[in-house]
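Here is the structure we will look at, set down as C-alpha cells.
Read-outs throughout are calculated quantities, based only on the coordinates presented, and are distinct from any laboratory measurement. Keep in mind the model is a prediction, meaning the values are calculated, not measured. Virtual Cβ from ideal backbone geometry, glycine too; neighbours counted across all protein chains shown.
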C-alpha cells in the first residue's frame, strides 16, 4: 500500500497536460471502421454488446464507447487522468557524445532504427512520459513504454492517408497502459497495439522492432545515433525512478486486475517473449542469465537468443542506473548467407558451430573475415511474466537445457 500511495502521489503531483485540445471529430469519423478498411489488420476479437464505459471515461473522452472488444469491467483507473502523464510530441535529440555526459553505461535505453536513422530513448526520460510521438527515417512512429509492465514497444503512426498522434488515458487493463489517438479518441492497448474501444475498434497498429539495451551498447556501436534529450518542455527529475522498489520478484504486480498468473514463474520475473506464426514462447531472464545462448524454434522458425550482462532494469532502485545487473536479451534469426548456424557459449565467448566466428551478445560478429556483421533481429518483447502471460495465455515457457 505504501508503494501504491507513493506512485499516486508522484504521478499526480507531476501531472501536466501535454497535448492541448483534441482535433474535432466528425460524425463520419466516429463510425465503426471494421468494414471501411478491409486491407488493415484486425484483431480476431468480436465486437461486444454495448455497455457503460469505465467510470469517469465519458466525462474526459469523446470516444464512441458503444464499440469495444474487451469488457469494460477489465479496465480500471490507474490514478492519473487523461494526459496527466504527458506524451512527448516535439522530441529533441542530442548526440551520443552529449548524452554520455549524463547517461550511465548500464542504464536501459530503447533502441529503434528505421532505414539508417538510429535513435535511443532513455528509460530515465520515457518512464515519466510513456509515449513519444516521433518521426524516424521519415516514418511517423510511436515509441511507447509501460513502466508497470516493463514493455517497450514501437508502432507506426501512419493510418491510411493520415497520421495518428497518441496520448495517455490514465486507464489500465491487466496493469497495462491504455493509449488513445487524438484524431478519433479511440482507445488502444499498448501491449497488443489493438484498438479496444472507439471508432477504430479491432484495428491493429503495425509494430516495429525495438531493443532494450544498456547505454554503453548504443554509445559504442552507434556513435551517430540520436538520443532523446531531457529538454522535453516538462519539469521532471529525470534519472530518478518514480517506481522505486517495484521491480522485486517477491512482490505482486501493482494495479494488476486480470487472469491468475500461471505459477510456473513468479509474476515479476523478466521474460523475453516471442510470437511467430501461431506459437508464443517466453524465455525467463533467470534461465537466459545461466545459459547465455539458447538455440530454439518458435512456430517452426529457428531462433537464437543471446543474453548479455551489463544493464539494470531501471525499475528497482531510487535511481534508474542503480540496482542489480538484470542484463539484456535479444532474439535473432540464426543464419548468415542462407546458412543456418548453431551457437554455443563457452569460456565467456559466443561462437557459431559452422565458422567458429565469435559474436557478442548483441548479434555482432567480432571475428574475421567479416567483423561487424549483424544477425537479423527477430521482433520480441521485454515484459514481466504476468504481462506476457495475460496477453499470451497459451504461451510456452523455455525451461532450459
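Can you give the helix-only mean residue ellipticity at 222 nm for the chain, where every DSSP H stretch with n ≥ 4 adds -39500 (n - 2.57) and the sum goes over all residues, rounded to the nearest 500 deg cm²/dmol?
Calculated from helices alone, the mean residue ellipticity at 222 nm is -2500 deg cm²/dmol.
For a quick size check, give me the Cα extents of the chain along its three principal axes, largest first, whole Å.
62, 44, 43
I need 265, 228 ordered by Cβ neighbour count within 10 Å, fewest first.
Listing 265, 228 from fewest to most nearby Cβ atoms yields 265, 228.
Size of the stretch 159-207 along its principal axes in angstrom, Cα-based, largest extent first?
Dimensions of the stretch 159-207 along the principal axes of its Cα atoms: 33, 18, 16 Å.
Mind ordering 142-148, 238-244, 200-206 by average Cβ neighbours within 10 Å, highest first?
142-148, 200-206, 238-244
Going by how many other beta carbons lie within 10 Å of each one, how would you line up 44, 367, fewest first?
Fewest-to-most Cβ neighbours within 10 Å comes out as 44, 367.
Give me the one-decimal Kirkwood hydrodynamic radius in Å for the stretch 309-401, with the sum taken over alpha-carbon pairs.
About 15.7 Å for the stretch 309-401.
Please give the FRET efficiency for residue 335 paired with residue 135, using the beta carbon to beta carbon distance and R0 = 45 Å, rounded to the nearest 0.05.
The pair residue 335/residue 135 has a calculated efficiency of 0.90.
State the Cα centre-to-centre distance between the stretch 188-205 and the stretch 73-124 in whole Å.
That distance is 22 Å.
In Å, what Kirkwood hydrodynamic radius results for the stretch 131-195 from the alpha-carbon pair distances?
It is 11.9 Å.
Ranked highest first by average number of other Cβ atoms within 10 Å, how do 352-365, 123-136, 325-338 line up?
In descending order of packing, they fall as 123-136, 325-338, 352-365.
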